[in-house]
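Q: One structure follows; several queries about it will come next.
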Amino acid sequence: MSRVTRFIVPATMLTAVLALVLTLAPAFAGVADAKAATPASTDQPFLSQLSSFTTIQGAAAAMTKTAVIVSLLFVWIIVAVIVTLFAGREVRYSSVEVRASALYCFALGLVAFTSFVITAIVFSYLVPYIVGVPLLAALGVFAILTKVYGMISIFHAAGSIVAGSRTRSQLERRRWFRGDLAMVIVGLVVLGAIRLIPLVGTIIWSLASVFGIGTALATRFGRRDPAFLAWRPARA
Amino acid sequence: MKTPDCERYIEDPEANASHLAACAECRALFGAESNVPSPKIDLNALPLAPWEGAQHRPWPLVTGAALAIFAIAAALFAASGVSPADTLAANMPTLSRLQSLVLLMRQAPIVVVGVLFIVVNTVLIALLRRAPKGLDV
């Protein structure tokens with residue numbers, strides 16, 4: 001790791017963690033809830049998620065919320081299977097990258113998240129000049145694609161850590177728990193089960209998203225293309 | 001190595017195995033009576049590469065997991081007595097939290113936002129310049 005990176009990584013992690021904490025703070029959730037308030041809203045502040053289990057209505061709302069989360073996991077399975085079938089090698093490469101250099105991916109994910117937010121603010125200033133609308137839309141689509149691809153890579157990484165084969169003989173004995181598809185499914189089920197835990201699940205899922213955004217950008221969506229190549233004239 | 005035959009034998013020992021019978025020097029170096037231990041590779045001792053077995057597609061596992069999650073979601077909706085379509089429509093993940101952050105930060109002076117934009121994106125580009133770990137997958 002270069003001297004610059006050694007300075008940049010802790011500094012950016014600190015600032016980006018502050019940005020994340022600000023984003024997850026109840027004040028922001030209050031603004032969000034004022035827009036779409038429902039008893040089982042997944043945007044509830046963390047502490048109210050815990051206290052909702054003390055009443056029957058709260059328990060019913062928690063059950064509905066769990067049903068929503070499980071339904072979204074089903075959507076995640078469909079998307080993850082499609083992406084893994086079409087880009088299995090890329091997903092595997094991103095998964096290897098996040099396991100090989102987790103801190104770098106985390107730092108990159110935090111910085112990228114902060115960059116998305118600040119770039120959205122800058123683009124929002126351009127909305128009156130028309131050009132801001134397509135720019136904001138493009139940024140939104142890129143951010144969502146990054147998150148989806150990154151999360152699938154994280155599913156693969158989690159599945160490989162939990163259920164990956166350690167030896168060749170173990171790999172040959174297995175009928176189901178081998179291959180990219182199986183690792184993605186195992187990781188999704190494990191992270192999905194953790195997601196159902198109040199407070200802890202939300203935090204871990206958010207951290208997985210940060211890791212995912214980081215690994216997606218670090219590996220250029222698994223294509224291993226170099227970024228920002230320095231131009232040098234060819235020598236005779 | 002004296003002759004072209006010797007060189008050919010070194011390049012491809014199996015195809016030129018008959019050379020050992022004709023050349024005493026090569027026989028002493030590479031023959032059965034030589035003391036050079038033949039390398040034995042235990043494949044199971046080597047680390048498992050990420051691509052090994054990666055193309056395997058366990059459809060029963062995929063289908064089973066998807067159906068199980070679908071069944072759990074349906075059971076939870078049935079138990080709570082709410083309409084799945086309405087509830088899902090009301091609880092779709094949105095960017096509302098990010099939208100709130102953007103609206104709040106727009107209250108900051110535009111100079112501060114501009115400086116933050118340049119600093120954060122410079123750091124992002126600096127981080128992206130690092131090449132990914134070159135693991136063969």
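Q: Starting with the fewest neighbours, write out A:R223, A:R174 ranked by other beta-carbon atoms found within 10 Å of each beta-carbon.
A: Final ranking by Cβ density, sparse to dense: A:R223, A:R174.
Q: Relative contact order for region A:131-236: what percent, with Cα pairs under 8 Å and sequence separation of 6 or more?
A: Details: 93 pairs, mean separation 36.1, N = 106.
Reported relative contact order: 34 percent.
Q: Quick one: grab the alpha carbon gyration tensor of chain B, order the square roots of its eigenvalues as a ≥ b ≥ c, and give me rounded if a/c is under 1.5, else prolate or oblate depending on whether a/b is larger than b/c. Show your work: numbers first, answer last.
A: Numbers: a/c = 6.33, a/b = 2.03, b/c = 3.12.
Taking the square roots of the gyration eigenvalues as a ≥ b ≥ c, chain B is oblate.
Q: Along Cα→Cβ, 7 Å out, is where each label goes; now give me the distance between the ones at B:R57 and A:I130 in nm to one decimal.
A: Distance between the two pseudo-spin positions: 4.6 nm.
Q: Take the alpha carbon gyration tensor of region A:136-236, find the square roots of its eigenvalues, order them as a ≥ b ≥ c, and report rounded if a/c is under 1.5; if not, report prolate when a/b exceeds b/c, else oblate.
A: Numbers: a/c = 3.04, a/b = 1.33, b/c = 2.28.
Judged from the Cα gyration tensor, region A:136-236 comes out oblate (a/c at least 1.5, b/c at or above a/b).
Q: Pop a pseudo-label 7 angstrom from the Cα along the beta-carbon direction at both A:L103 and B:R8 and give the gap in nm to one decimal.
A: The two pseudo-label positions are separated by 5.8 nm.
Q: What percent does the relative contact order of chain B come to when contacts are Cα pairs within less than 8 Å and at least six residues apart?
A: Details: 30 pairs, mean separation 22.3, N = 137.
Relative contact order of chain B: 16 percent.
Q: For a quick check: sort B:L61, B:L104 by the number of other beta carbons within 10 angstrom, fewest at the front. Before the final figure, lay out the partial values.
A: Details: B:L61 19, B:L104 15.
So the ranking, lowest neighbour count to highest, is B:L104, B:L61.
Q: Which value in nm describes the separation of the simple spin-label points at A:F142 and A:V79, placed 7 Å from the Cα toward the beta carbon?
A: Label-label distance for A:F142 and A:V79, simple model: 1.9 nm.
Q: At 18 Å minimum axial length over the Cα atoms and a Kyte-Doolittle cut of 1.0, report the qualifying DSSP H helices in chain B, or say none. Provide the component values of the computation, followed by the final result.
A: On the way: long enough: B:59-80 (31 Å, 1.91); B:110-128 (27 Å, 3.06).
Qualifying helices: B:59-80, B:110-128.
Only the coordinates and a few stated rules stand behind these numbers; no lab work does. Quick caveat: nothing in here was measured; it's all calculated off a predicted structure. FYI the Cβ positions are ideal-geometry reconstructions off the backbone, even for glycines, and counts take in every protein chain you see.
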